[in-house]
Amino acid sequence: MNYEIERKFLVAGDYKSHAFAHYRIVQGYLSSAPQRVVRIRIQGDIAYLTIKSNVHEGEFTRYEWEKEIPVKDAEDMLKFCEKEIIEKTRYLVKVGTHVFEVDEFYGSNMGLEIAEIELESEDEKFEKPDWLGEEVTNDSRYYNSMLVNIPYSKWEQK
């Protein structure tokens, strides 16, 4: 099993002009229980089944298991997913030695843009571009698995 060390930020400026690639993502959750999530994702012409553990408060690390699956299987499994399906465009932006993945959400999460960076360790240093906003790593509302249950458009305070 692999680890994922990820930090999340809101976006506060133009990142699209710095992106070197982008692609559409459609994903749903077979389970979004607090202790683990089971996700189906179609990313371009590739699909994945992913299982992730929860993140403990104040930490950034969680277990992650991922396997590529046939797109047709993923399309079939999306029909069994909980509540809403997440649709977004992911932009890849290189900053220093890291790549930020910036997601622009659609549907009931329209207006939400989140930048994520994966790190090798929780204390790894990284360059913060001027378009990076407030850190929301430990705010569970911003996890995709939570956005299917309480979409951004339903939040009282944004």
It is to be established whether one or more residues within segment 54-67 are free of Cβ contacts under 8 Å to residues at least 12 places away in the same chain and over 30 Å from LYS125 (Cα atoms). no
Tally up the residues in segment 19-37 that are modelled with pLDDT of 90 or more and either surrounded by 13 or more Cβ atoms within 10 Å (Cβ to Cβ) or of a type in the set (Ser, Thr, Tyr) (or both), please. 9
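Residues of segment 87-123 being in a strand (DSSP E or B) and of a type in the set (S, T, N, Q), which ones? Steps first, please.
Applying the first criterion (in a strand (DSSP E or B)) to segment 87-123 yields 87-95, 98-105, 113-118.
Once the filter is applied, which keeps residues that are in a strand (DSSP E or B) and of a type in the set (S, T, N, Q), segment 87-123 yields only THR89.
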For segment 55-76, indicate whether the set of residues that are aromatic (Phe, Trp, Tyr), surrounded by 15 or more Cβ atoms within 10 Å (Cβ to Cβ) and modelled with pLDDT of 95 or more is non-empty. no
Return the only residue of GLU66, GLU84 being in contact with a helix residue (DSSP H, G or I) (Cβ under 9 Å, 6 or more places away or on another chain) and either under 20 Å from ARG36 (Cα atoms) or not in a strand (DSSP E or B) (or both). GLU84
Quick one: in segment 97-115, of everything that is of a type outside the set (Gly, Ala, Ser) and over 17 Å from PRO151 (Cα atoms), which residue is surrounded by the fewest Cβ atoms within 10 Å (Cβ to Cβ)? THR97
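Answer yes or no: is there a residue in segment 149-157 that is within 21 Å of HIS22 (Cβ to Cβ), more than 18 Å from the chain's Cα centre (by Cα) and either assigned to a strand (DSSP E or B) or free of Cβ contacts under 8 Å to residues at least 40 places away in the same chain (or both).
As a first pass, look at segment 149-157 and keep what is within 21 Å of HIS22 (Cβ to Cβ): 152.
Now narrow it down to the ones that are more than 18 Å from the chain's Cα centre (by Cα): none.
Taking every residue of segment 149-157 in turn, none turns out to be within 21 Å of HIS22 (Cβ to Cβ), more than 18 Å from the chain's Cα centre (by Cα) and either assigned to a strand (DSSP E or B) or free of Cβ contacts under 8 Å to residues at least 40 places away in the same chain (or both).
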In segment 26-46, what residues are assigned to a strand (DSSP E or B) and over 11 Å from LEU78 (Cα atoms)? SER31, ARG36, VAL37, VAL38, GLN43, ILE46
Taking the conditions exactly as written (within 12 Å of the chain's Cα centre (by Cα) and crowded, with 18+ Cβ neighbours inside 10 Å), does GLU118 satisfy them or not? no
Tally of residues being in a loop (DSSP other than H, G, I, E, B) and exposed (fewer than 14 other Cβ atoms within 10 Å of the Cβ) across segment 129-148: 2
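The values are calculated or read from the model by the stated rules, or taken from the named source; none is laboratory data. What you see is a predicted model, and the numbers here were worked out from it, not measured in a lab. Here the Cβ is made from the backbone with ideal geometry for all residues, glycine too, and neighbour counts use every protein chain on show.
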